[in-house]
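Trainee: Below you'll find the structure I mean.
The values are calculated or read from the model by the stated rules, or taken from the named source; none is laboratory data. Please read these numbers as outputs of a predicted model, since none were measured by experiment. All Cβ positions, even for glycine, are placed from backbone atoms using ideal geometry, and neighbour counts span all protein chains on display. Side chains included, ligands, DNA and RNA excluded: accessible areas come from the protein's heavy atoms. Shrake-Rupley method; radii C 1.70, N 1.55, O 1.52, S 1.80 Å.
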Amino acid sequence: MIYLDYNASAPLNEAAKQAMLPFLGDHSANASSLHRLGREARKAVEKAREQVAKLMGVVNPENLVFTSGGTESDVWALRGVFEEKHNPERNSLLVSSVEHPAVLDTALWLAEQGINVEYIEVDTKGCLYRLPVANQTRLVSVMAANNETGNLYNLKSMALWARREGALIHTDAVQALGKIPVDVDAWGVDFCSVSAHKIGGPQGVGALYIHPEATIAPLITGGGQESGRRSGTLNVAGIVGFGAVAEVIAPRLNERSRTMATLRDRLESKILAALDTVHVLGDLEHRLPNTSLLAVPGIKGEAIVLEMDAAGVAISTGSACSSGTGEPSSVLTAMKLSNVKIQGAIRFSVGIENTEEEMDQAVSALIQTVERLHTVAGQITNV
Amino acid sequence: MDHFLNPRNVGILDGPTGTAENSDCGDVATISLRIEEAKIVDARFQTSGCSGAIACCSAATELLRGSTLQEASLMTREDIVDYLDGLPSDKYGCAQMAAMAGLQAIHQAQGSEE
């Protein structure tokens, strides 16, 4: 199988797996326990915290709290900020309209609780283009990189803007981490969500960076782990795996970005040369190095993905038809693209384990798939 | 899955033709027929729909081929689902679309006979 769906999940890195194994075996213990095994687990967790902090550009690892993944981090940042009862007149949340569902659905939930939610609109390339007039904004949430288009957003300027308005700012850097430099301290954000499995760590682990001066209520209450910020027995093996892969990536980040870009550009240019109706969606000037979101007009992305799967190539639709609901991607809908483009959107997301041969094979498979589906469609076009 | 990856009877015929839309997603399909002595000797389809649309149209044309117009006019969504040995419930709209396209073609054939 040629795996080109890294934005969905990256395969588990070997160093991460090896680092995890002791904590899945003889060394498994509760990191809060006082005995030797417990203390060793705690030590391993703190080492991982330093490793992940380094990859995130966070100088003080104490500002990182481990969670169950990107979704929990996002949900916590949003709900936790609005749980805080002080400053009740600041009742607005400002989010971009292309955020991950973890943010958008939480924003809808907060709206039901009486929070005023405002959206930053995007243009047809997915670039933010209109900041609503600040209206007692308590929190701004803008992602660092979009999961579907790969678009990058300028967090430094967003953070400056938020500061001026007296608002806190959260960023979902789940897709950015490990692909481009993430520099939380330099960006000046208050909260930053990351996830282990997108960078080759295990699934079920993530972290939330919390600026020491930002106040946020816990989402998960209980035994008071993580300095009372996030209760629940620590997922020691998962956290250790996250740390190990962060350590592998940190010194090689730029080299890895270039490798991804070379592979992605090879794939994309060959597809565009072979299939003249296909075009690239998103902001080509400011994009993750590994992502290529393509519109194949006239045929269904879902059909392409399934047929590519049968041909041994794993790709994804533009998050369309998620869980078979047939609902179009919220990101592409926010970009106000035509239905034809949305329905025919497919996403390639490569990783450094991929090879140039795999890119070429994927191009051939796509050409055959598109030709065949065009034959099946004949003169039929959907509106 | 086989009817999606290896669809039978793709194409269009110069005969009675029915077109239907899947109200769930806007997909469109056509089924066209060649009829000799009130019997369907060939059936072809075209669709730009999803995997379900392709599989259901393939199944529908297989069911139609060789049937009399009378038999074929009784084809239902369930016949297509059964022929495919079941279908995820979110793809029932695809089976409905294929059945409707087939029935429209049959109605056109019956209309031209009278």
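Trainee: What value, in deg cm²/dmol to 500, does the helix sum -39500 (n - 2.57) over DSSP H runs of n ≥ 4 give at 222 nm once divided by the residues of chain B?
Mentor: Helix contribution divided over all residues of chain B: -13000 deg cm²/dmol.
Trainee: For chain A, with every protein chain kept in place, what is the accessible area per residue (1.4 Å probe, Å²)?
Mentor: Numbers: 15620 Å² over 383 residues.
Result: 41 Å² of accessible area for each residue.
Trainee: Structure shown: which of A:300/B:91; A:125/A:336; A:17/A:198; A:198/A:341; A:54/A:179 lie over 18 Å apart, alpha-carbon to alpha-carbon? Spell out each step's value before the answer.
Mentor: Working: A:300/B:91 14 Å; A:125/A:336 9 Å; A:17/A:198 15 Å; A:198/A:341 27 Å; A:54/A:179 14 Å.
Pairs exceeding the cut-off: A:198/A:341.
Trainee: Additional query: What per residue convex hull volume, in Å³, do the alpha-carbon atoms of segment A:1-123 yield? Before the final figure, lay out the partial values.
Mentor: On the way: hull volume 23.8 nm³, N = 123.
Here the figure is 193 Å³ per residue.
Trainee: Considering all alpha-carbon pairs of segment A:174-280, what whole percent are spaced by more than 25 angstrom?
Mentor: Numbers: 2250 of 5671 pairs.
In whole percent, the long-distance tail amounts to 40.
Trainee: For chain B, find the longest principal axis of its Cα atoms and tell me its angle to the long axis of helix B:92-113, 0 to 90°, nearest 10.
Mentor: 10 degrees
Trainee: Which shape class, rounded, prolate or oblate, goes with chain B when its Cα gyration tensor gives a ≥ b ≥ c as root eigenvalues, a/c under 1.5 marks rounded, and past that a/b bigger than b/c marks prolate?
Mentor: Details: a/c = 1.71, a/b = 1.62, b/c = 1.05.
In terms of gyration-tensor shape, prolate.
Trainee: As a test of the formula, what do you get for chain A when each DSSP H run with n ≥ 4 contributes -39,500 (n - 2.57) and the sum is divided by the residue count, at 222 nm and rounded to the nearest 500 deg cm²/dmol? Could the numbers behind the result be given before it?
Mentor: Values: 12 runs with 151 residues, N = 383.
Computed ellipticity for chain A at 222 nm equals -12500 deg cm²/dmol.
Trainee: Follow-up. What number results when the radius of gyration of segment A:232-323, computed over Cα atoms, is divided by 2.2 N^0.38 Å? Don't skip to the end; give the middle numbers.
Mentor: Details: Rg = 17.4 Å, N = 92, 2.2 N^0.38 = 12.3 Å.
This ratio for segment A:232-323 stands at 1.42.
Trainee: Separate question: Where does segment A:200-256 land on the Kirkwood hydrodynamic radius, alpha-carbon pairs, in angstrom? Can you show the working numbers first?
Mentor: Values: mean 1/r = 0.0752 Å⁻¹.
Kirkwood hydrodynamic radius for segment A:200-256: 13.3 Å.
Trainee: Using a 10 Å Cβ count of at most 14 others and DSSP loop calls, identify the longest part of chain A lacking such trypsin sites (Lys or Arg not before Pro).
Mentor: Details: sites that count: A:85, A:336.
Counting at most 14 other Cβ atoms within 10 Å as exposed, the longest clean stretch of chain A is A:86-335.
Trainee: Enter the mean projected area of the convex hull around the alpha-carbon atoms of segment A:56-140, in nm², rounded to one decimal.
Mentor: On the way: hull surface 28.1 nm².
Value for segment A:56-140: 7.0 nm².
Trainee: Next question. With r as the distance between the Cβ atoms of residue A:183 and residue A:118 and R0 = 30 Å, compute the FRET efficiency 1/(1 + (r/R0)^6) and round to 0.05.
Mentor: Values: r = 27 Å, r/R0 = 0.90.
Plugging the Cβ-Cβ distance into 1/(1 + (r/R0)^6) gives 0.65.
Trainee: For segment A:68-203, build the convex hull from the C-alpha positions and give me its volume per residue in Å³. Write down the numbers at each step before the final one.
Mentor: Working: hull volume 14.1 nm³, N = 136.
For segment A:68-203, the hull spanned by Cα atoms encloses 104 Å³ per residue.
Trainee: First select every other residue whose beta carbon is under 12 angstrom from the beta carbon of residue A:265; then total the charges, Lys and Arg +1, Asp and Glu -1.
Mentor: Details: positive: A:258, A:264, A:266, A:270, A:287; negative: A:268, A:356.
Here the charged neighbours net out to +3.
Trainee: While we're looking at this one, here's another question. How big a patch of accessible area, both sides summed and in Å² to the nearest 100, lies buried between A and B at a 1.4 Å probe? Please report the intermediate quantities before stating the final value.
Mentor: Working: alone 16410 and 5810 Å², together 20670 Å².
Heavy-atom accessible area buried at this interface is about 1600 Å².
Trainee: Restricting to bridges with both residues inside chain A, how much of the DSSP beta-bridge set is antiparallel, in percent to the nearest 5? Numbers along the way, then the final one.
Mentor: Working: 23 of 41 bridges.
Rounded to the nearest five, the antiparallel share is 55 percent.
Trainee: Can you give the FRET efficiency for residue A:46 and residue A:367, using 1/(1 + (r/R0)^6), R0 = 51 Å, r = Cβ-Cβ distance, to the nearest 0.05? Don't skip to the answer; put the middle values down first.
Mentor: Details: r = 51 Å, r/R0 = 1.00.
After rounding, the FRET efficiency stands at 0.50.
Trainee: Right, something else. Mind grabbing the base-10 log of I(q)/I(0) for segment A:226-383 at q = 0.08, 0.21 Å⁻¹? Debye formula, identical points on the C-alpha positions, no solvent, two decimal places.
Mentor: Evaluating at q = 0.08, 0.21 Å⁻¹ gives log10 I(q)/I(0) of -0.30, -1.33.
Trainee: Could you compute how fast the protein assembly as shown diffuses translationally, taking Rh as the Kirkwood radius over C-alpha pairs and applying Stokes-Einstein at 10 °C with viscosity 1.306 mPa s? Give it in µm² per second.
Mentor: Translational D for this selection: 64 µm²/s.
Trainee: At a threshold of 8 angstrom on Cα-Cα distance, excluding pairs fewer than six apart, so keeping six or more, what relative contact order does chain A reach in percent?
Mentor: Relative contact order for chain A comes out at 23 percent.
Trainee: Oh, and also: May I ask you to list the lysines whose Cα is less than 30 Å away from that of residue A:85, ignoring any residue fewer than eight positions away on the same chain?
Mentor: Straight-line reach from residue A:85, under 30 Å: A:156.
Trainee: With +1 on each Lys and Arg Cβ and -1 on each Asp and Glu Cβ, and nothing else charged, work out how big the dipole of the protein assembly as shown is about its Cα centre, in Debye to the nearest 20.
Mentor: 1740 debye
Trainee: Next question. At q = 0.30 Å⁻¹, what log₁₀ I(q)/I(0) does segment A:1-40 have when each alpha carbon counts as one equal point scatterer in the Debye sum?
Mentor: Values, matching the q order: -0.96.
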